1. Given the residues SER82, SER14, SER42, SER30, which is the only one that is modelled with pLDDT of 90 or more, in contact with a Ser or Thr (Cβ under 9 Å, 6 or more places away or on another chain) and not in a loop (DSSP other than H, G, I, E, B)?
2. Can you pull out every residue in region 19-28 that is touching a residue at least 60 places away in the same chain (Cβ under 8 Å) and touching a helix residue (DSSP H, G or I) at 6+ places or on another chain (Cβ under 8 Å)?
3. Answer yes or no: is there a residue in region 39-53 that is farther than 26 Å from ASP87 by Cβ, exposed (fewer than 15 other Cβ atoms within 10 Å of the Cβ) and touching an Asp or Glu at 6+ places or on another chain (Cβ under 8 Å).
4. Which of the numbered conditions does PHE75 fail, given that it passes all the others? Conditions: (1) under 11 Å from the mean Cα position of the chain (by Cα); (2) aromatic (Phe, Trp, Tyr); (3) modelled with pLDDT of 85 or more.
Amino acid sequence: LEKTIICYINGVRSIEKGLSTFGKESRFQSWCCLACKLHLLSDWFKLLSQCSDACLQQFYDPLNNCFRQEKLTQFIINILESVKDFDFAHLEPALLKRLAGV
């Protein structure tokens with residue numbers, strides 16, 4: 001869990017630094033791509049579901065998102081678990097935009 005949290009924090013920092021002028025949707029898309037590449041999408045999604053609304057505001061509207069709907073969140077996490085099996089090592093660089101160190 002600690003490694004997941006550290007990777008999450010580093011990922012968010014990269015997104016905030018490299019994509020500060022981008023909108024929430026673009027940052028969220030980059031967050032998803034980075035999480036896929038690191039095989040941590042379901043883990044990061046689970047972390048976001050446990051985060052404060054202030055944290056969620058960086059990526060998504062805290063009043064209109066799936067992270068506060070427990071059944072939906074668990075359903076999505078179960079689906080995202082299967083994404084870990086895919087190899088995203090060569091994810092198209094354009095999808096990661098200007099993220100440093102990925």
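1. SER42
2. Restricting attention to region 19-28, the residues satisfying the condition of being touching a residue at least 60 places away in the same chain (Cβ under 8 Å) are 19, 22, 26.
Passing the criteria: LEU19, PHE22.
3. No, that holds for no residue.
4. Here PHE75 clears every test but (1).
The values are calculated or read from the model by the stated rules, or taken from the named source; none is laboratory data. In this text the structure is predicted, and so the values were computed from the model without any measurement. Cβ sites come from the backbone with ideal geometry, for glycine too, and all protein chains shown count toward neighbours.
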